Amino acid sequence: MSIAAAFAADKEAPFKAAPAASYVHHQTNGKVTIGVDPFSSPDKMKTAFGKLNPYQYGILPVLVVIQNDGDQTIRLDRLKAEYVGPGGDRVEATSATDVKFLNGGKRPTVMPTPGGPVALKGKKNPLDVWEIEGRALAAQMLPPGNTASGFLYFQTGLHSTATVYLSGLVEAATNKELLYFEIPLR
């Protein structure tokens, strides 16, 4: 039985983003196309995060795919991402390294003993898994003709009238900032 399960796990395709323009929510400015896809349904979550569903812990993962069809390398290290909800409420993206601290594990209980208190093991933090940081948007530079993809994490729920606002993309050679991207999630 366990051998069959191992073979089934090997046959699962690893998570891979589609081209930026193929997403329903995408925008092209100049020769840069950005596609976004919010992950709030359990079926979508399973493809990227396996058993973990960050949305049930108040974290909305948004897949961002950036395609550079220009002739300049683009710096992504200054990328600023905001989720703009109904009424103009803004939520900045949470760093992937900080997500695991948002829903900490339970505080360990302490058992008094004659030699002093002994801490008993607490419950593991469900957000402390490799998929959160491993699937995050981490590219610093995007050469011409290449694509970068990964997740941004927002501490909010998904609203049908929301917008993802991305700015801070800069041409590496000239340090010229590209136009911002305002991508509605309708």
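Summing Lys and Arg as +1 and Asp and Glu as -1 over all other residues whose Cβ lies under 11 Å from the Cβ of Gly145 gives a net charge of -1. Dipole magnitude for the range 18-184: computed about the Cα centre from +1 point charges on Lys and Arg Cβ and -1 point charges on Asp and Glu Cβ, it is near 800 debye. Distance between the pseudo-spin-label points of Lys31 and Thr113 (7 Å out from Cα toward the beta carbon): 6.7 nm. Relative to one another, the C-alpha centroids of the range 27-71 and the range 125-186 are positioned 8 Å apart. Protection proxy ranking, highest mean first, for peptides 58-64, 133-139: 58-64, 133-139, where packing is the per-residue count of other beta-carbon atoms within 10 Å, averaged.
Between Tyr165 and Thr47, the FRET efficiency from the beta-carbon distance, with R0 = 30 Å, is close to 0.70. Extension gain for Val24 to Met141 (0.36 nm times residue separation, less C-alpha to C-alpha distance): 39.6 nm.
Among Lys100, Lys124, sorting on how many other beta-carbon atoms sit within 10 Å of each Cβ, with the fewest leading, yields Lys124, Lys100.
Our Cα-only numbers for the range 18-184 put the radius of gyration and Dmax at 19.1, 71 Å. Model label sites at Lys80 and Tyr180, defined 7 Å from Cα along the beta-carbon direction, differ in position by 0.8 nm.
Bear in mind that the values in this text are calculations on the coordinates, not laboratory data. Because the structure is predicted, anything quoted here is derived from the model rather than measured. In this analysis, Cβ positions are derived from the backbone assuming ideal geometry, glycine residues included, and neighbour counts consider all displayed protein chains.
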